[in-house]
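Here's the structure, in C-alpha coordinates; my notes come after.
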Amino acid sequence: MFGFVTGGLLSHLVAVGHHTGLFEAASRGPATSAELAARAGLQERYVREWLGAMATGGVFTYDPATATFTLPPEHAVSLTGTGAANLAPVALIASLLGEHVDGVTRAFREGGGVPYEEFRPRFTGVMDALSRGLFDEHLLTGILPAAGRLAGRLADGIRVADVGCGTGHALHVLAGAYPASTFTGYDLGADAIASARTEAGELGLDNVTFEVCDVELLPTEPPFDAVFAFDAIHDQAAPAAVLRRIHDALVPGGWFVMMDIKASSDLAANLDNPLAPLLYAVSTLHCMTVSLARGGAGLGTVWGEELARTMLAEAGFTGIEVHDVPDDPMDSVYVCRRPE
(Lines give C-alpha, C1' and ligand atoms only; values in the text may rest on other atoms or scores of the structure.)
Protein backbone atom coordinates (compact mmCIF):
# COMPACT_ATOMS: atom_id res chain seq x y z
CA MET A 1 0.00 0.00 0.00
CA PHE A 2 2.79 2.45 0.80
CA GLY A 3 4.31 1.60 -2.57
CA PHE A 4 1.05 2.48 -4.35
CA VAL A 5 0.63 5.76 -2.46
CA THR A 6 4.28 6.74 -2.82
CA GLY A 7 4.22 6.13 -6.54
CA GLY A 8 1.05 8.17 -6.89
CA LEU A 9 2.49 11.12 -5.00
CA LEU A 10 5.82 10.98 -6.84
CA SER A 11 3.92 11.06 -10.14
CA HIS A 12 2.53 14.45 -9.12
CA LEU A 13 6.07 15.69 -8.52
CA VAL A 14 7.16 14.32 -11.89
CA ALA A 15 4.35 16.42 -13.36
CA VAL A 16 5.70 19.45 -11.47
CA GLY A 17 9.17 18.79 -12.88
CA HIS A 18 7.74 18.53 -16.37
CA HIS A 19 5.69 21.72 -16.10
CA THR A 20 8.48 23.81 -14.55
CA GLY A 21 11.36 22.65 -16.74
CA LEU A 22 13.29 21.17 -13.80
CA PHE A 23 14.17 17.99 -15.66
CA GLU A 24 15.46 19.93 -18.64
CA ALA A 25 17.54 22.16 -16.35
CA ALA A 26 18.90 19.16 -14.43
CA SER A 27 19.95 17.42 -17.65
CA ARG A 28 22.58 20.13 -18.10
CA GLY A 29 24.68 18.62 -15.29
CA PRO A 30 25.01 18.18 -11.51
CA ALA A 31 23.76 21.07 -9.39
CA THR A 32 22.95 22.08 -5.85
CA SER A 33 19.35 22.96 -5.12
CA ALA A 34 20.25 26.66 -5.37
CA GLU A 35 22.00 26.18 -8.71
CA LEU A 36 19.15 24.15 -10.14
CA ALA A 37 16.59 26.68 -8.94
CA ALA A 38 18.58 29.46 -10.61
CA ARG A 39 18.79 27.50 -13.89
CA ALA A 40 15.06 26.96 -13.95
CA GLY A 41 14.10 30.38 -12.55
CA LEU A 42 12.29 28.87 -9.57
CA GLN A 43 12.12 29.21 -5.78
CA GLU A 44 15.02 27.37 -4.12
CA ARG A 45 13.05 26.15 -1.10
CA TYR A 46 10.53 24.35 -3.29
CA VAL A 47 13.24 22.96 -5.55
CA ARG A 48 15.17 21.65 -2.52
CA GLU A 49 12.16 19.73 -1.19
CA TRP A 50 11.30 18.43 -4.65
CA LEU A 51 14.86 17.18 -5.06
CA GLY A 52 14.57 15.40 -1.72
CA ALA A 53 11.65 13.41 -3.07
CA MET A 54 13.37 12.81 -6.40
CA ALA A 55 16.60 11.61 -4.77
CA THR A 56 14.98 9.31 -2.22
CA GLY A 57 12.64 8.06 -4.93
CA GLY A 58 15.59 7.03 -7.11
CA VAL A 59 15.07 9.54 -9.91
CA PHE A 60 18.11 11.66 -9.02
CA THR A 61 21.37 10.70 -7.31
CA TYR A 62 22.75 12.81 -4.45
CA ASP A 63 26.36 13.49 -3.39
CA PRO A 64 26.42 14.56 0.28
CA ALA A 65 30.02 15.76 0.03
CA THR A 66 29.15 18.45 -2.51
CA ALA A 67 25.38 18.69 -1.84
CA THR A 68 24.82 18.20 -5.56
CA PHE A 69 22.02 16.36 -7.33
CA THR A 70 22.45 14.54 -10.65
CA LEU A 71 19.85 13.37 -13.14
CA PRO A 72 21.50 10.26 -14.64
CA PRO A 73 21.63 10.35 -18.45
CA GLU A 74 19.60 7.14 -18.72
CA HIS A 75 16.87 8.78 -16.62
CA ALA A 76 17.04 12.03 -18.58
CA VAL A 77 16.20 10.12 -21.76
CA SER A 78 12.78 9.28 -20.32
CA LEU A 79 12.13 12.67 -18.69
CA THR A 80 13.28 15.31 -21.17
CA GLY A 81 12.93 16.36 -24.78
CA THR A 82 10.02 16.72 -27.19
CA GLY A 83 10.11 13.19 -28.58
CA ALA A 84 8.17 10.02 -27.89
CA ALA A 85 10.77 8.77 -25.38
CA ASN A 86 9.85 11.50 -22.86
CA LEU A 87 7.49 9.74 -20.46
CA ALA A 88 7.08 12.65 -18.04
CA PRO A 89 3.74 13.69 -19.65
CA VAL A 90 2.30 10.32 -18.57
CA ALA A 91 2.44 11.63 -15.00
CA LEU A 92 -0.10 14.29 -15.96
CA ILE A 93 -2.73 11.55 -16.14
CA ALA A 94 -2.56 10.97 -12.39
CA SER A 95 -3.11 14.60 -11.44
CA LEU A 96 -5.92 15.00 -13.97
CA LEU A 97 -7.84 11.84 -13.10
CA GLY A 98 -7.31 12.25 -9.37
CA GLU A 99 -9.56 15.31 -9.46
CA HIS A 100 -12.52 13.08 -10.38
CA VAL A 101 -12.24 10.31 -7.78
CA ASP A 102 -15.26 11.68 -5.89
CA GLY A 103 -17.40 11.68 -9.02
CA VAL A 104 -16.36 8.17 -9.99
CA THR A 105 -17.00 6.96 -6.44
CA ARG A 106 -20.50 8.41 -6.65
CA ALA A 107 -21.06 6.54 -9.93
CA PHE A 108 -20.03 3.27 -8.24
CA ARG A 109 -23.02 3.76 -5.92
CA GLU A 110 -25.55 5.46 -8.18
CA GLY A 111 -24.62 4.39 -11.70
CA GLY A 112 -23.96 6.70 -14.63
CA GLY A 113 -20.55 8.31 -14.79
CA VAL A 114 -18.49 11.48 -14.90
CA PRO A 115 -19.28 13.40 -18.12
CA TYR A 116 -16.49 14.07 -20.58
CA GLU A 117 -17.14 17.81 -20.28
CA GLU A 118 -15.99 17.76 -16.65
CA PHE A 119 -12.52 16.60 -17.68
CA ARG A 120 -12.04 19.52 -20.06
CA PRO A 121 -10.20 21.75 -20.72
CA ARG A 122 -7.31 20.07 -18.85
CA PHE A 123 -7.93 16.79 -20.65
CA THR A 124 -7.24 18.49 -23.98
CA GLY A 125 -3.79 19.61 -22.92
CA VAL A 126 -2.86 16.33 -21.27
CA MET A 127 -3.76 14.26 -24.32
CA ASP A 128 -1.85 16.65 -26.56
CA ALA A 129 1.23 16.33 -24.35
CA LEU A 130 0.97 12.53 -24.40
CA SER A 131 0.69 12.17 -28.18
CA ARG A 132 2.54 15.10 -29.76
CA GLY A 133 6.03 13.62 -29.58
CA LEU A 134 4.82 10.27 -30.93
CA PHE A 135 3.13 11.90 -33.92
CA ASP A 136 6.15 14.07 -34.67
CA GLU A 137 8.57 11.14 -34.61
CA HIS A 138 6.59 8.15 -35.82
CA LEU A 139 3.34 9.02 -37.59
CA LEU A 140 4.91 9.34 -41.02
CA THR A 141 7.67 6.75 -40.66
CA GLY A 142 6.26 4.17 -38.24
CA ILE A 143 2.45 4.32 -38.12
CA LEU A 144 1.43 5.30 -41.64
CA PRO A 145 3.59 2.66 -43.38
CA ALA A 146 1.46 -0.02 -41.71
CA ALA A 147 -1.32 1.04 -44.12
CA GLY A 148 0.67 -0.01 -47.17
CA ARG A 149 -0.31 1.92 -50.30
CA LEU A 150 -2.13 4.65 -48.35
CA ALA A 151 0.97 6.87 -48.23
CA GLY A 152 1.15 6.85 -52.00
CA ARG A 153 -2.51 7.77 -52.30
CA LEU A 154 -1.99 10.64 -49.85
CA ALA A 155 0.78 11.94 -52.08
CA ASP A 156 -1.58 11.81 -55.07
CA GLY A 157 -4.31 13.71 -53.22
CA ILE A 158 -7.31 12.24 -51.36
CA ARG A 159 -9.94 13.25 -48.75
CA VAL A 160 -9.07 12.27 -45.18
CA ALA A 161 -10.83 12.54 -41.81
CA ASP A 162 -9.65 12.14 -38.22
CA VAL A 163 -12.39 11.23 -35.73
CA GLY A 164 -11.83 12.37 -32.16
CA CYS A 165 -8.95 14.50 -33.42
CA GLY A 166 -8.33 16.46 -30.20
CA THR A 167 -5.93 19.32 -30.85
CA GLY A 168 -5.44 18.00 -34.37
CA HIS A 169 -1.68 17.57 -34.28
CA ALA A 170 -1.79 14.26 -36.18
CA LEU A 171 -3.55 16.03 -39.05
CA HIS A 172 -1.12 18.93 -38.89
CA VAL A 173 1.72 16.45 -39.44
CA LEU A 174 -0.10 14.69 -42.27
CA ALA A 175 -1.28 17.91 -43.94
CA GLY A 176 2.25 19.29 -43.93
CA ALA A 177 3.66 16.12 -45.47
CA TYR A 178 0.91 15.65 -48.08
CA PRO A 179 -0.16 19.03 -49.46
CA ALA A 180 -2.15 17.48 -52.33
CA SER A 181 -4.59 15.85 -49.90
CA THR A 182 -7.30 17.55 -47.84
CA PHE A 183 -7.89 16.75 -44.19
CA THR A 184 -10.79 17.35 -41.79
CA GLY A 185 -10.67 16.75 -38.05
CA TYR A 186 -13.79 16.15 -35.96
CA ASP A 187 -14.02 16.34 -32.18
CA LEU A 188 -16.69 16.86 -29.53
CA GLY A 189 -14.56 19.38 -27.61
CA ALA A 190 -14.85 22.97 -28.78
CA ASP A 191 -11.69 23.85 -26.82
CA ALA A 192 -9.71 21.16 -28.66
CA ILE A 193 -10.99 22.30 -32.04
CA ALA A 194 -10.08 25.92 -31.23
CA SER A 195 -6.51 24.81 -30.44
CA ALA A 196 -6.38 22.76 -33.64
CA ARG A 197 -7.45 25.71 -35.77
CA THR A 198 -4.96 28.03 -34.08
CA GLU A 199 -2.02 25.69 -34.69
CA ALA A 200 -3.07 25.09 -38.30
CA GLY A 201 -3.00 28.86 -38.84
CA GLU A 202 0.39 29.18 -37.18
CA LEU A 203 1.75 26.44 -39.44
CA GLY A 204 0.24 28.04 -42.55
CA LEU A 205 -1.70 24.92 -43.50
CA ASP A 206 -4.53 25.58 -45.95
CA ASN A 207 -5.44 21.93 -46.62
CA VAL A 208 -6.75 21.07 -43.15
CA THR A 209 -9.97 22.12 -41.41
CA PHE A 210 -11.56 21.24 -38.10
CA GLU A 211 -15.18 20.90 -37.02
CA VAL A 212 -16.93 20.45 -33.67
CA CYS A 213 -18.89 17.24 -34.18
CA ASP A 214 -20.09 14.20 -32.27
CA VAL A 215 -18.47 11.51 -34.40
CA GLU A 216 -21.62 9.40 -34.17
CA LEU A 217 -22.83 11.98 -36.71
CA LEU A 218 -19.71 11.92 -38.90
CA PRO A 219 -20.64 13.27 -42.35
CA THR A 220 -20.89 10.51 -44.95
CA GLU A 221 -21.23 12.68 -48.06
CA PRO A 222 -19.03 13.30 -49.88
CA PRO A 223 -17.21 10.15 -48.74
CA PHE A 224 -13.63 10.02 -47.49
CA ASP A 225 -10.81 7.98 -48.96
CA ALA A 226 -9.29 7.36 -45.52
CA VAL A 227 -10.30 7.86 -41.90
CA PHE A 228 -7.99 7.86 -38.87
CA ALA A 229 -8.86 7.42 -35.19
CA PHE A 230 -6.15 7.77 -32.56
CA ASP A 231 -7.13 6.26 -29.18
CA ALA A 232 -10.67 7.55 -29.62
CA ILE A 233 -12.99 4.61 -30.33
CA HIS A 234 -12.93 2.97 -26.89
CA ASP A 235 -14.16 6.21 -25.25
CA GLN A 236 -17.31 6.44 -27.35
CA ALA A 237 -20.79 6.06 -25.92
CA ALA A 238 -21.77 4.01 -28.97
CA PRO A 239 -18.52 2.57 -30.35
CA ALA A 240 -20.22 0.04 -32.62
CA ALA A 241 -22.34 2.78 -34.19
CA VAL A 242 -19.28 5.01 -34.64
CA LEU A 243 -17.37 2.21 -36.39
CA ARG A 244 -20.31 1.59 -38.70
CA ARG A 245 -20.56 5.33 -39.39
CA ILE A 246 -16.88 5.44 -40.31
CA HIS A 247 -17.40 2.47 -42.63
CA ASP A 248 -20.32 4.23 -44.32
CA ALA A 249 -18.32 7.47 -44.64
CA LEU A 250 -15.59 5.77 -46.69
CA VAL A 251 -15.46 5.24 -50.43
CA PRO A 252 -15.49 1.55 -51.45
CA GLY A 253 -11.95 0.34 -50.84
CA GLY A 254 -11.26 3.21 -48.42
CA TRP A 255 -8.87 2.81 -45.49
CA PHE A 256 -9.64 2.95 -41.78
CA VAL A 257 -6.52 3.33 -39.64
CA MET A 258 -7.24 3.00 -35.92
CA MET A 259 -4.60 3.35 -33.23
CA ASP A 260 -5.93 1.93 -29.98
CA ILE A 261 -4.90 0.13 -26.82
CA LYS A 262 -2.61 -2.91 -27.07
CA ALA A 263 -4.10 -5.50 -24.73
CA SER A 264 -6.21 -8.62 -24.67
CA SER A 265 -9.96 -8.70 -24.18
CA ASP A 266 -9.33 -11.49 -21.65
CA LEU A 267 -8.28 -10.34 -18.16
CA ALA A 268 -6.32 -13.57 -17.61
CA ALA A 269 -4.13 -12.76 -20.62
CA ASN A 270 -3.37 -9.30 -19.19
CA LEU A 271 -2.21 -10.45 -15.74
CA ASP A 272 1.46 -10.44 -16.80
CA ASN A 273 1.21 -7.19 -18.78
CA PRO A 274 3.10 -4.58 -16.71
CA LEU A 275 1.01 -1.78 -18.23
CA ALA A 276 -2.33 -3.43 -17.46
CA PRO A 277 -2.83 -1.84 -14.01
CA LEU A 278 -2.37 1.59 -15.58
CA LEU A 279 -4.81 0.77 -18.37
CA TYR A 280 -7.56 -0.57 -16.12
CA ALA A 281 -7.14 2.36 -13.72
CA VAL A 282 -7.38 4.94 -16.50
CA SER A 283 -10.43 3.12 -17.81
CA THR A 284 -12.18 3.25 -14.42
CA LEU A 285 -11.34 6.91 -13.86
CA HIS A 286 -11.96 8.18 -17.40
CA CYS A 287 -12.58 6.08 -20.49
CA MET A 288 -15.34 3.84 -19.14
CA THR A 289 -17.01 6.50 -17.01
CA VAL A 290 -17.32 9.12 -19.77
CA SER A 291 -19.13 6.56 -21.91
CA LEU A 292 -21.45 5.43 -19.09
CA ALA A 293 -22.20 9.08 -18.27
CA ARG A 294 -23.96 9.27 -21.66
CA GLY A 295 -25.79 6.00 -21.13
CA GLY A 296 -23.24 4.37 -23.39
CA ALA A 297 -21.64 0.97 -23.76
CA GLY A 298 -18.84 1.63 -21.26
CA LEU A 299 -16.43 -0.30 -23.48
CA GLY A 300 -13.42 0.83 -21.49
CA THR A 301 -9.75 1.26 -22.26
CA VAL A 302 -8.97 -2.46 -22.18
CA TRP A 303 -11.49 -3.61 -24.77
CA GLY A 304 -8.67 -5.62 -26.28
CA GLU A 305 -7.61 -6.90 -29.67
CA GLU A 306 -10.07 -9.79 -29.83
CA LEU A 307 -13.13 -7.59 -29.30
CA ALA A 308 -11.70 -4.85 -31.53
CA ARG A 309 -11.31 -7.31 -34.39
CA THR A 310 -14.86 -8.57 -33.88
CA MET A 311 -16.37 -5.08 -33.80
CA LEU A 312 -14.45 -3.96 -36.88
CA ALA A 313 -15.68 -7.01 -38.78
CA GLU A 314 -19.26 -6.47 -37.59
CA ALA A 315 -19.04 -2.86 -38.81
CA GLY A 316 -18.26 -4.21 -42.29
CA PHE A 317 -14.47 -3.84 -42.49
CA THR A 318 -12.28 -6.47 -44.10
CA GLY A 319 -8.56 -7.25 -44.34
CA ILE A 320 -8.00 -6.36 -40.67
CA GLU A 321 -4.31 -6.18 -39.77
CA VAL A 322 -2.75 -5.29 -36.41
CA HIS A 323 0.70 -3.73 -36.04
CA ASP A 324 2.89 -2.47 -33.20
CA VAL A 325 3.49 1.26 -32.70
CA PRO A 326 7.13 2.41 -32.48
CA ASP A 327 8.11 3.78 -29.04
CA ASP A 328 4.58 3.13 -27.75
CA PRO A 329 4.04 -0.18 -25.95
CA MET A 330 0.48 0.81 -24.99
CA ASP A 331 -0.99 0.98 -28.50
CA SER A 332 -1.51 -1.05 -31.65
CA VAL A 333 -2.37 0.11 -35.16
CA TYR A 334 -5.36 -1.55 -36.80
CA VAL A 335 -5.54 -1.21 -40.59
CA CYS A 336 -8.65 -2.31 -42.47
CA ARG A 337 -10.72 -1.42 -45.54
CA ARG A 338 -14.28 -0.88 -46.62
CA PRO A 339 -14.85 -3.61 -49.22
CA GLU A 340 -14.67 -2.62 -52.87
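The values are calculated or read from the model by the stated rules, or taken from the named source; none is laboratory data. It should be emphasised that the depicted structure is a prediction, and the values quoted were computed from it without experimental measurement. No Cβ is skipped: glycine too gets one built from the backbone with ideal geometry, and neighbour counts run over all protein chains shown. Please note that ligands, DNA and RNA were not included when accessible areas were found on the heavy atoms of the full protein model with its side chains. Shrake-Rupley method; radii C 1.70, N 1.55, O 1.52, S 1.80 Å.
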Quiz item: Among residues other than Cys336 whose Cβ falls under 10 Å from its Cβ, what is the net charge (Lys/Arg +1, Asp/Glu -1)?
Solution: +2
Practice problem: Could I have the simple spin-label model distance between Glu306 and Ala55, label points 7 Å from Cα toward Cβ, reported in nm to one decimal? | Solution: 5.0
Quiz item: Assuming R0 = 51 Å, what is the FRET efficiency of Glu74 and Asp248, from their Cβ-Cβ distance, to the nearest 0.05?
Solution: 0.55
Exercise. Mind giving me the nanometre distance, one decimal, between the label points for Asp327 and Glu118, set 7 Å out from Cα along Cα→Cβ?
Key: 3.5
Quiz item: Okay, helix-only estimate at 222 nm for the chain: each DSSP H run of n ≥ 4 adds -39500 (n - 2.57), divide by all residues, round to 500 deg cm²/dmol; what do you get?
Solution: -13000 deg cm²/dmol
Quiz prompt | Carbon + sulfur, % of accessible area of segment 200-340 - ligands and nucleic acids excluded, 1.4 Å | solution = 55
Exercise. Using a Förster distance of 22 angstrom, determine the FRET efficiency expected from the C-beta separation of Thr6 and Ala194, and round it to 0.05.
Key: 0.05
Quiz item: Ordered by packing density, taken as the mean number of other Cβ atoms within 10 Å over each peptide's residues, highest first, how do 156-168, 135-147 rank?
Solution: 156-168, 135-147
Practice problem: Kindly state, to the nearest 0.05, the FRET efficiency for Val212 paired with Thr66, given R0 = 56 Å and r defined as their beta-carbon distance. | Solution: 0.50
Practice problem: For the chain, set up a Gaussian network in which alpha carbons nearer than 10 Å are linked by springs, and say which option among Thr289, Thr105, Thr124 fluctuates the most. | Solution: Thr105
Quiz item: According to a simple spin-label model (label point 7 Å from Cα along Cα-to-Cβ), what is the distance in nm between Val101 and Leu275?
Solution: 2.5
Exercise. Could you look at segment 1-121 and say what percent of its accessible area is carbon and sulfur, using a 1.4 Å probe and all protein chains?
Key: 61
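If you add up the charges near His234, with Lys and Arg at +1 and Asp and Glu at -1, over every other residue whose beta carbon is less than 13 angstrom from its beta carbon, what do you get?
Spelling it out: positives minus negatives among the neighbours equals -4.
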